[in-house]
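Read the structure below first, then the notes.
The values are calculated or read from the model by the stated rules, or taken from the named source; none is laboratory data. These numbers were taken from a predicted model, which means no experiment stands behind them. For neighbour counting, all protein chains shown are included, and Cβ atoms are generated from backbone atoms with ideal geometry for every residue, glycine included.
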Amino acid sequence: MSSHAAVNPALVEWTGHRGLPRFDAVKDTDFAPAFNAAFVFHEAEIDAIAGDSDAPSFANTVTALELAGDELSRISALFWNKAGADTNETIQALEREIAPKMARHYSKIGTNAALFARLDALWEGRDELGLTLEETRVLERHWKGFVKSGAKLPKAEQERLSAINEKLAGLGAQFGQNVLADEKDWALLLSEEADLAGLPSYLRDAMAAAARERGEEGKYAVTLSRSIIEPFLTSSERRDVREQAFKAWVARGANGGKTDNREIIREMLALRAEKARLLGYGNFAELKLDNTMAKTPDAVNDLLMTVWSKAAARAAEEEKDIAALIAEEGRNHEVMPWDWRHYAEKIRTQKFDFSETELKPYLQLEKIIAACFDVAGRLFGIHAVEQKGVPAYHPDVRVFEIRDRSDKLVAVFLGDYFARSSKRSGAWMSSFQSQHKLPLKNGDVGELPIIYNVCNFAKPAEGKPALLSLDDARTLFHEFGHALHGMLSNVTYPSVSGTGVSRDFVELPSQLYEHWLTVPVILKEYAVHYETGAPMPQALLDKVLAARTFNAGFNTVEFTSSALVDMAFHTRGAVEDPMAVQGQVLAEIGMPKSIVMRHATPHFQHVFAGDGYSAGYYSYMWSEVLDADAFSAFEETGDAFNAEMAEKLKANIYSVGGSIDPEDTYKAFRGKLPSPDAMLKKKGLAA
């Protein structure tokens, strides 16, 4: 395909360092013609597999499908990376065009009758094929994927399903762009010293840099980037300014005009409900949970409500403490959402005798990155070697080679850590290339994983170190846990590589990895003062560890309310007024007036900027049940880096991807499936 005159070869022939793309050789205008050519080329590959005159075999059908579409995958990997991490108007316009085209393309493949007939024959006769466990899982994944694409439906219903998928893809792209636009367009510029009361120097520096980026030298910008808005809400003594900033933050996607997402949500929920009905499910949640550990909406809601009752009770106690402190300060206002972070921080400072401002000088980005790599070395025997001068997709992005104990290259890792207006909010892991062992057209066998992490930490002023909050540091560990899931993958087939697992299992490797951040030996070595190099004092370290469950009610209420609203949307079918449903659910569960959902519906990107976590936001908590129990396995040995447990963890969790059923692979590691008890204890919600 690369010989096609309209296609830039750099999109599909990756000749950079260790097989990286030549990012510097790709222009934004290259993508549109490349996608068009790749769709045609992939379709020809599919037709060749479907039209094979030989009887269907695993090799000529399933393995062939695993390898088909490589060019499209490479173009897509580059494009979606750009769309999320460094977008612009050209890319956004193409995203709105490509998302529905992509859905249409895969719908056509998923309803190819000749191809499905071959897969169906293999599925029906699978017991006689002598397949390995991994091959059976791969066959099942393809067969179920075709069924969920409508392969068994009558032609008219297939066409309707295809139209729904195409429309949903376009709406999801628009949803995400609208949130980004609201985040990018809003800034509160401050210049008077009185407006900056309470703000620590590191935050002032970040706000000054954000103002400079907007051409406002000498001012300070409150932006809706989490790395600025959350510390601002925590430290600002100006309640009126906190209220103004908070209301802008929670109004993303609901400001009226062309970036308002509320009508998009209504339409998406109706289309998802119709899609579920076409495929024979009672609702969209049943469709999405069909191939997960949870399996049913009832199982999800049972877990969420078990946790909700304990979290709400704890949050009520926390609110009383905040109200008492407000009164102690001589104020007479009730506790509102823009007050919580501010007063909770004051209470934590009193209760544990330390503040986030005191802690932050010990959490340098460079040191926490090094800690991530060190933990991986202690557990899994790998180390990172930074490759200075290797071009990536943005000047801020850093490139590392990941090597094993024998210095063999096992992966390439890219870290993109700083917030910018061209990047969507949040943090994520993705891949340019997944690990597998199949022979390729060029004669090579298998491919190394090329994995990247994206974060949104505040970029420091020139010459100053980037300092993180404890939550930021956890985010870094979390995303690197996902990265390890991709980099340690050791499977044969790409579709089950790395994070190719069920949605409510994929967060286990990431959330589990967070635990090692606060292992004392790691904090002692890497939590060192950015000016003096002195380690965090033992007294402060003890306080940090003692405070791990502080504000647990607030944090859990924020999350669980969002997950319950997500499940309500996708079990109730089409709803005329999604915001009314959100309000109804929150009223039914008794949502405190002083706390809001972590992700209000109009900016709930997990659920509406694509299909990823729709009816699946609960999965963070489902995986949290697993990760708390999994870390207990290490704690029970008395050694957070116990070599035997680490080997079992690598062999059964981080390296097997989706090649084994998640219940089976977890039991192979732990010997049993967990109850929520360890998770509730870890959160401080149970004794």
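Structure notes:
- Among residues of segment 596-607 being in a helix (DSSP H, G or I) and without any contact (Cβ under 8 Å) to a residue 60 or more places away in the chain, the one that is surrounded by the fewest Cβ atoms within 10 Å (Cβ to Cβ) is H606.
- Taking first residues from segment 344-372 that are farther than 26 Å from K320 by Cβ and partners that are of a type in the set (V, I, T), the Cβ contacts under 7 Å between residues at least 6 apart in sequence or on separate chains come to Y362/V528; K367/V528; A371/I522.
- The test for being in a helix (DSSP H, G or I) and farther than 30 Å from L278 by Cα holds for A34.
- Considering segment 555-595, the residues that are touching a Leu at 6+ places or on another chain (Cβ under 9 Å) and in a loop (DSSP other than H, G, I, E, B) include one that is modelled with the highest pLDDT, namely V575.
- Considering segment 434-465, and only residues there that are among the hydrophobic types (A, V, I, L, M, F, W, C) and in contact with a strand residue (DSSP E or B) (Cβ under 7 Å, 6 or more places away or on another chain), the residue that is surrounded by the fewest Cβ atoms within 10 Å (Cβ to Cβ) turns out to be V445.
- From the list R74, R18, the one residue that fits, being touching a residue at least 60 places away in the same chain (Cβ under 8 Å), within 23 Å of I450 (Cα to Cα) and exposed (fewer than 15 other Cβ atoms within 10 Å of the Cβ), is R18.
- Within segment 360-374, the set of residues being over 18 Å from T532 (Cβ atoms) and either aliphatic (A, V, I, L, M) or in contact with a Leu (Cβ under 9 Å, 6 or more places away or on another chain) (or both) comprises I369, A371, C372.
- Among residues of segment 396-414, those that are under 21 Å from the mean Cα position of the chain (by Cα) and assigned to a loop (DSSP other than H, G, I, E, B), counted: 2
- The single residue among F175, F116 that is among the aromatic types (F, W, Y), within 22 Å of E43 (Cα to Cα) and at pLDDT 95 or above turns out to be F116.
- The criterion of at least 1 residues that are at pLDDT 95 or above and farther than 30 Å from E274 by Cβ is met, among helices (runs of 4 or more DSSP H) falling completely within segment 285-364, by 297-328, 337-352.
- In segment 501-524, the residues that are over 29 Å from T296 (Cα atoms) and among the basic types (K, R): K524
- Helices (runs of 4 or more DSSP H) contained in segment 617-671 and holding at least 2 residues more than 30 Å from T296 (Cβ to Cβ) and outside the structural domain of M487 (by TED's automatic domain parsing): 619-635, 643-649
Residue by residue, here is whether (1) of a type in the set (S, T, Y); (2) more than 26 Å from the chain's Cα centre (by Cα); (3) not in a helix (DSSP H, G or I) holds:
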{"position": "V501", "(1), (2), (3)": "no, no, yes"}
{"position": "S510", "(1), (2), (3)": "yes, no, no"}
{"position": "H515", "(1), (2), (3)": "no, no, no"}
{"position": "V521", "(1), (2), (3)": "no, yes, no"}
{"position": "E525", "(1), (2), (3)": "no, yes, no"}
{"position": "Y530", "(1), (2), (3)": "yes, yes, yes"}
{"position": "G553", "(1), (2), (3)": "no, no, no"}
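- Some residue of segment 167-175 being out of contact with any His (no Cβ under 6 Å at 6 or more places or on another chain), outside any helix (DSSP H, G or I) and not small (G, A, S): no
- For segment 77-119, the set of residues classified as crowded, with 20+ Cβ neighbours inside 10 Å and among the small types (G, A, S) consists of A77, A83, G84, A85, A99, A103, S107, G110, listed by residue number.
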